[in-house]
Amino acid sequence: MSPTPTGLRIKSPESLIAESGADLEGHGLKRTMGLFQLVCFGVGAIVGTGIFVGLSDTVAEAGPAVIVSFVLAAVTCIFTAFSFAELGGAIPVSGSSYSFAYATLGERIAFLVGWCLLLEYGVSVSAVAVGWSQYLNELLDSLFGRQIPAALSAGPGDGGVINLPAVIVILMAATLLVRGIRESAGATAAMAVLKIGILIAFCAIGFSAFQADNLTPFMAEGVGGITSGASLAFFSYIGFDAITTAGEEVKNPRRNIPVAIMICIGVVTLLYCAVAVAAIGALGADEVGNKPAALSLVVDQVTGSSVGGGIIAFGAVVAIASVVLAVMYGQTRILMSMSRDGLIPRTFERVSPRTATPVANTWIVATVFAIPAAFASLDVVVNLTTIGTLAIMAVVNVAVVALRRSHPELRRSFRVPLYPLSPVLGIAMCLYLIWGTGWTTWVQFVVFVAVGALVYAFYGRRNSRLGAVTPPTAGAAPVPREG
């Protein structure tokens with residue numbers, strides 16, 4: 001294997017796996033999730049605000065060519081999914097991309113990846129919760145003809161004062177998460193099945209009123225619109241990597257993690273393209289674009305009744321709640337891994353002896369990210385989440401190449417096809433979509449990363465357990481050979 005660069009703190013894959021099995025607090029995580037639950041967990045983390053709420057914004061950017069935007073976003077995810085599958089099978093621990101970066105690119109990059117994961121998981125919880133609030137009002141209007149007043153169901157940027165429903169759904173998810181992973185996984189599986197059924201029913205209704213003329217002119221907004229639409233559509237796919245955060249609670253993780261990732265990406269891509277075609281084919285891009293709760297609007301228009309729209313709204317409320325649950329789960333497990341390494345306070349690694357869950361960690365996450373959910377605009381949190389996730393995925397593709405070079409004999413239950421072309425294309429696609437987010441988002445992201453670098457310099461590096469007990473060249477421990 002290649003030697004570790006001088007001065008670069010890298011933790012070996014073997015060390016990461018050994019520590020994930022160590023019972024640091026006397027009460028470790030339990031392996032209770034099978035493949036079906038893991039796939040449902042992945043679908044639960046992906047399908048939510050992006051398709052139920054974000055579809056209208058994506059259509060407004062790309063027009064009928066939004067289908068191409070979804071495919072571009074999916075291709076980006078597929079290349080990166082290959083990388084996540086290889087790394088998740090080789091290093092089946094809870095830290096996901098943070099742990100992968102620690103094993104390949106060093107502690108500083110790993111910390112910044114963990115910092116950016118606050119955008120992918122933490123801030124996205126806020127975005128998803130805001131979307132949940134919109135569909136809750138749509139459901140209440142369908143059932144009772146009334147909505148929660150704007151002052152109490154939207155933040156200042158959206159014409160309100162505080163978004164109480166968004167805060168409530170985050171607190172509900174936290175309550176379920178601290179009860180135990182078995183209960184959380186069961187609830188997520190049930191909600192995943194329900195929302196897939198709702199979206200399939202939507203497609204059936206939309207295609208019943210399909211008009212081919214609504215898809216022309218197909219590229220009304222040009223290539224630029226497709227690119228911007230793909231950057232927005234990418235938000236709809238965020239969450240598939242949450243599967244790798246369950247590495248310590250999955251049965252047979254080396255097999256089940258790669259398989260679950262591939263199944264989730266395939267199912268979700270087909271579903272999204274079908275929903276987009278059905279929606280635009282039924283009403284046209286102008287009607288669908290920039291309309292909150294667009295799917296309910298389509299069903300109401302096609303059926304001539306608010307009943308169908310109410311059913312879609314109910315499905316959206318359930319679907320988006322499951323995303324909050326799954327994404328919060330992922331965030332707490334990443335913070336747990338960072339805490340084990342000493343890069344953030346030890347509070348985040350403590351596991352309850354009664355529920356085998358990180359209780360304090362979960363409530364801290366819920367409290368911190370309920371604040372932007374209560375007061376921030378959906379557009380702001382979506383853009384930041386998207387660019388942070390794309391940056392992380394670019395790093396994961398780099399990590400695959402680095403791990404192949406440094407640990408070529410490491411046991412891998414899945415290998416990236418067409419290596420090294422696949423990870424290189426994954427990096428290129430991530431950078432392409434980052435370009436589409438716009439300069440305002442770039443500036444916000446640079447500032448966010450700069451703050452993270454300062455936090456690492458003044459806290460993380462000084463408190464790192466790897467730095468305290470090993471020399472800079474540590475981490476190059478022997479690894480098991482293939483087979």
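What follows is calculated from the coordinates using simple rules that are stated; it is not laboratory data. Since this is a predicted model, take the numbers as computed values, not measurements. Quick reminder, even Gly has a Cβ in these numbers, built from the backbone with ideal geometry, and neighbours come from all protein chains shown.
Summary of computed values
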item	result
0 to 90° range, to nearest 10: angle between helix 253-283 axis and the chain longest Cα axis	20
Which of THR367, THR385, THR269 has the fewest Cβ neighbours within 10 Å, and the rest in rising order	THR367, THR269, THR385
Tilt relative to the chain, helix 35-46 - C-alpha long axis, 0 to 90 degrees, to 10	60
Long-range HN-HN contacts of GLY342 with modeled amide H, under 5 Å	ARG465
Dipole in debye (nearest 20) - the chain, about Cα centre, beta carbon charges: Lys, Arg +1; Asp, Glu -1	1760
Least to most buried among THR437, THR76 (fewest other Cβ within 10 Å first)	THR437, THR76
Ascending count of other beta-carbon atoms within 10 Å, so fewest first, for GLU287, GLU221	GLU287, GLU221
Helical mean residue ellipticity (222 nm; -39500 (n - 2.57) per DSSP H run of 4+; nearest 500) of the chain	-22000 deg cm²/dmol
Simple label model, 7 Å out from Cα along Cβ direction - THR440 to LEU35, nm	4.6
The chain - percent relative contact order, Cα under 8 Å, separation 6 or more	34
Degrees separating the helix 164-179 axis from the principal Cα axis of the chain, which is the longest one	40
Projected label distance in nm at ALA450 and ILE371, using a 7 Å step from Cα toward the beta-carbon	2.1
Label point distance in nm, ALA151-ALA18, each placed 7 Å from Cα along Cα→Cβ	6.1
